[in-house]
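Visitor: This is the structure, below, for whatever I ask next.
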Amino acid sequence: MSHDTTSHDTAHADANTGAGAVPPIWRPDPAVAASSAIAEFGRFVTGRTGVEFGEYLDLWRWSADHLEEFWTALWDFFGIEADGSHAVALDESAAVMPGARWFPGTRLNYAEHALRRRPGDDDIVAVTTVSEDGTTVHTTWAELRAQVAALAQWLRDAGVEHGDRVVGYLPDTTPTLVAFLATASVGAIWSACAQDYGADGAAAGQRADDVGAPELGVDRLVQMGEYLARLAEHDVGRLRRPQRRKQRGDVRVCLGHAGYSGTP
């Protein structure tokens, strides 16, 4: 797939301005663009279909016109691990959005893929958080995997199972990400609200009710808070690989709006 973006940028500028080409603010280095994941995917598709792509828009048009081929190619390109066959990408009986059913009969786990090992990545930084006071914390892939595995085991010990809800009233920090991935790894549903909202505005208790979260009790919630604090200090316990794969269509994350005009 070619990576000369000049024609695309010019067409885009003409469409927006109705006049001459406007120089783009930034262009990727051709060598970097040629080694990008989207370029590799284009070559992958060409190898299995024989279709050549002159530029990105050609690949995009092909993806829109050949849904089955595109999604099965994407599945294979990224090496998705799941139970069941992915031979059928879109259920013909439910092929209209919203409500379309993708890869019927397959089960996968998001955390399993988010935390997949790549050769030599253990010491590479996976997450960087910067607090309001400027404190910066780096977490490597090895540390992130260990923390997620430890908290996932804690959730299992607390009785959290597939389909249960885990709700967090937490800031946007690495322990919150760990809690989300740990929840996903056991097949439960995660919902969270950041602490930049007051207790009344965030309505943390109400949100727990809205998503059907089981009542763990104050003592269990305190224990989880203490556990997250230990995770921030890299005090991890038993390790265990994410095991629970979810059915396509299962809820993984509950999202709430910001709540500026009312309860989130």
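Visitor: Amide H to amide H, which residues 5 or more places from ALA126 or on other chains are under 5 Å from it, using H placed in the peptide plane?
Guide: So ALA126 has HN proximity to THR139, THR140, TRP141.
Visitor: Let me ask something else about it. Expressed in nm to one decimal, what extension gain is obtained for the pair MET97 and ASP172 from 0.36 nm per residue of sequence separation less their Cα-Cα distance?
Guide: That pair, MET97 and ASP172, stretches by 23.9 nm at full extension.
Visitor: Another question, then. Using amide H atoms built 1.01 Å from N in the peptide plane, name the residues 5+ places from ILE189, or on other chains, whose amide H lies under 5 Å from its own.
Guide: Answer set, sorted by chain and number: GLY163, ASP164, ARG165, VAL166.
Visitor: While we're here: Please find the FRET efficiency linking ALA34 to ASP122, where r is the Cβ-Cβ separation and R0 is fixed at 22 Å, and quote it to the nearest 0.05.
Guide: 0.20
Visitor: Okay, moving on. What ranking do ILE25, ILE38 get, fewest neighbouring Cβ atoms within 10 angstrom at the top?
Guide: Ranked by crowding around the Cβ, least crowded first: ILE25, ILE38.
Visitor: While we're here: Quick one: 3J(HN,Hα) in Hz for the stretch 105-119, Karplus 6.51/-1.76/1.60 with θ = phi - 60°, rounded, Gly and Pro as x.
Guide: x, 9, 9, 8, 10, 4, 4, 4, 7, 5, 9, 4, 6, 10, x
Visitor: Find out how many positive minus negative residues lie around PRO171, taking Lys and Arg as positive, Asp and Glu as negative, among other residues whose Cβ is under 15 Å from that of PRO171.
Guide: Neighbour charge sum, excluding PRO171 itself: -4.
Visitor: With Cβ to Cβ distances under 14 Å as the rule, what net charge do the other residues near GLY47 carry (K, R +1; D, E -1)? Can you show the working numbers first?
Guide: On the way: positive: ARG43, ARG48; negative: GLU40, GLU52, GLU69, ASP76.
Its environment carries a net charge of -2.
Visitor: So how much slack lies between ASP76 and TYR110, counting 0.36 nm per residue of separation and subtracting their Cα-Cα distance, in nm?
Guide: Result: 10.6 nm gained on full extension.
Visitor: Divide the volume of the convex hull of the Cα atoms of the stretch 78-125 by its number of residues and quote the answer in cubic angstrom per residue. Walk me through the intermediate numbers first.
Guide: Numbers: hull volume 5.1 nm³, N = 48.
Enclosed volume per residue, from the Cα hull, is 106 Å³.
Visitor: Could I have the simple spin-label model distance between ARG43 and ASP157, label points 7 Å from Cα toward Cβ, reported in nm to one decimal?
Guide: Those two pseudo-labels are separated by 4.8 nm.
Throughout, read-outs are computed from the coordinates displayed, never taken from laboratory work. Everything quoted here is computed from the prediction, not taken from an experiment. Using ideal geometry, Cβ is built from the backbone for each residue, glycine included, and neighbour counts are taken over all protein chains shown.
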